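Written out below as structure tokens is the structure these notes cover.
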Amino acid sequence: MSGAPSFFPSRTLGWYVARMFLIRSLVILLLLVLVLQTLDLLGESSKILAVPGNGDAQVWYYASLRFPQIVARFMPFSLLLGTLVTLVTLNQNSEIITMKAGGMSAHQILAPLFVASLFVAGAAFVFNERVVTRSTATLSAWQKAEYAAVPIDSGVRSNVWVRSDDALIHAARVRGRGSLATLEGVEVFERTGSAITSIVRADVATYGSDGWNLANARRFVAADGTVTRLGNVTAGRGVPPDRFTLANVDGDSTSFWALRSAIDELRTAGRPTQSLEVDFWHKLAAPLSALLMPLLGAVAGFGLARSGQLLVRAVIGMGLGFAYFVADNFGLAMGNFGAYPPLLAAWGPFLLFLLIGELVLIRSEE
């Protein structure tokens with residue numbers, strides 16, 4: 001090679017390390033998926049077969065829908081174990097000592113693993129977008145039907161709640177979309193502060209230029225329990241039909257760009273979007289967590305193998321990986337709860353363990 005500095009001193013060596021890492025990670029992933037898929041089928045097959053008409057075909061159909069979810073969830077963990085196995089093997093065979101004797105730094109030794117992990121992260125993002133979201137949506141609908149035939153969506157929304165200033169509007173059913181939307185079984189809870197002062201009820205409400213027109217409305221006054229007939233009245237001024245007709249969005253079942261559009265629509269309609277924004281950013285952070293695994297597991301590759309601490313180093317690397325997964329789930333929970341901003345909830349654990357991994361790697365090399 002030329003005298004210019006290179007992060008990859010040897011293409012052959014880089015491909016050797018990357019291939020070893022990818023093969024071991026793939027084998028570990030397949031073993032994990034096989035075991036977890038079997039355990040999952042043991043728990044769910046009885047529920048599937050309990051439905052009249054279901055048989056072996058439905059069990060295999062469930063397995064085909066569950067398989068992508070298990071692969072996506074345990075892919076980072078398989079990369080962590082693949083890193084540990086690869087680096088422990090290189091360390092035991094004194095190959096890492098040879099690389100360092102040739103002038104390679106710890107980051108140069110790990111560079112092939114980072115490049116391979118970046119490739120896996122890109123493949124994981126595409127896999128999540130094209131396969132996992134669709135299988136999750138299908139499986140979720142099937143599970144809601146308790147593994148029976150999934151009913152066709154009629155477009156009718158039920159039990160919808162919308163806030164209008166201090167009032168709460170409840171519709172038992174919502175039919176149609178846009179200006180043709182119709183509310184059935186309407187209740188308008190008029191409040192002063194947090195106390196309900198009266199309830200306006202109507203069988204039907206249609207959308208007009210100045211709000212929702214309630215036909216044959218009745219008002220129940222909480223203070224004295226009286227009921228007054230109001231006739232046709234208008235309520236919910238400034239509440240567009242989209243506030244009622246927008247369906248609930250599941251971030252796990254929605255692709256990246258579709259989720260971005262859904263968040264914009266819900267925000268425009270005045271719906272809360274905190275949890276969906278967390279899911280949106282996590283769709284990027286989750287695949288990129290593959291880049292962290294070689295860094296967190298690198299502690300197993302440095303230090304003398306004959307020192308008797310190789311197993312301890314491997315356990316430390318595994319512990320760092322588990323700690324990341326715990327922190328990631330904690331961040332998602334706090335983001336969905338509203339305690340953390342969406343960006344912090346999705347990216348905070350990634351950045352934190354990136355710094356921890358770099359610190360541990362530098363100390364290990366020293």
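The values are calculated or read from the model by the stated rules, or taken from the named source; none is laboratory data. All values reported here derive from a predicted model rather than from experimental measurement. So basically every Cβ, Gly included, is an ideal-geometry build from the backbone, and we count neighbours across all protein chains shown.
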**Request:** For Arg237, state whether it is in the same structural domain as Gly185 (by TED's automatic domain parsing), more than 30 Å from Pro287 (Cβ to Cβ) and free of Cβ contacts under 8 Å to residues at least 60 places away in the same chain.
**Result:** no
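Out of Leu110, Leu139, Leu118, report the one residue that is over 28 Å from the mean Cα position of the chain (by Cα) and at pLDDT 80 or above.
Numbers: Leu139 fails: over 28 Å from the mean Cα position of the chain (by Cα); Leu118 fails: over 28 Å from the mean Cα position of the chain (by Cα).
Matching residue, one of Leu110, Leu139, Leu118: Leu110.
Only one residue in Gly53, Gly102 is out of contact with any Lys or Arg (no Cβ under 9 Å at 6 or more places or on another chain), assigned by TED's automatic domain parsing to the domain that holds Gly317 and at positive phi, so which one is that? Write out each step before concluding.
Numbers: Gly102 fails: at positive phi.
The match here is Gly53.
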**Item:** Residue pairs meeting the criteria (Cβ under 8 Å; at least 6 apart or on separate chains; first in a loop (DSSP other than H, G, I, E, B), in region 255-281; second loosely packed, with under 14 Cβ neighbours inside 10 Å)
**Value:** Thr273/Arg267
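Take Ala63 and tell me if it is touching a helix residue (DSSP H, G or I) at 6+ places or on another chain (Cβ under 9 Å), without any contact (Cβ under 8 Å) to a residue 40 or more places away in the chain and buried (at least 16 other Cβ atoms within 10 Å of the Cβ).
Yes: the conditions hold for Ala63.
Answer with yes or no whether Val132 is in contact (Cβ under 8 Å) with a residue 40 or more places away in the chain and assigned by TED's automatic domain parsing to the domain that holds Ala205. Full working, then the answer.
Values: in contact (Cβ under 8 Å) with a residue 40 or more places away in the chain: yes; assigned by TED's automatic domain parsing to the domain that holds Ala205: no.
So Val132 fails the test.
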**Request:** Check off (1) at pLDDT 90 or above; (2) in a helix (DSSP H, G or I) for Pro52 and give me the number that stays unchecked.
**Result:** (2)
**Message:** Would you confirm whether or not region 126-146 contains a residue that is surrounded by fewer than 14 Cβ atoms within 10 Å (Cβ to Cβ), of a type in the set (A, V, I, L, M, F, W, C) and outside any helix (DSSP H, G or I)?
**Reply:** yes
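Looking only at region 79-97, decide whether some residue is over 25 Å from Leu292 (Cβ atoms), in the same structural domain as Leu292 (by TED's automatic domain parsing) and crowded, with 19+ Cβ neighbours inside 10 Å. Can you show your working first?
Just the residues of region 79-97 that are over 25 Å from Leu292 (Cβ atoms), to begin with: 93-94, 97.
Now restrict to residues that are in the same structural domain as Leu292 (by TED's automatic domain parsing): 93-94, 97.
From what is left, the residues that are crowded, with 19+ Cβ neighbours inside 10 Å are none.
Scanning region 79-97, I find no residue that is over 25 Å from Leu292 (Cβ atoms), in the same structural domain as Leu292 (by TED's automatic domain parsing) and crowded, with 19+ Cβ neighbours inside 10 Å, so the answer is no.
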**Prompt:** In this structure, does Ser194 turn out to be at negative phi and free of Cβ contacts under 8 Å to residues at least 12 places away in the same chain?
**Reply:** yes
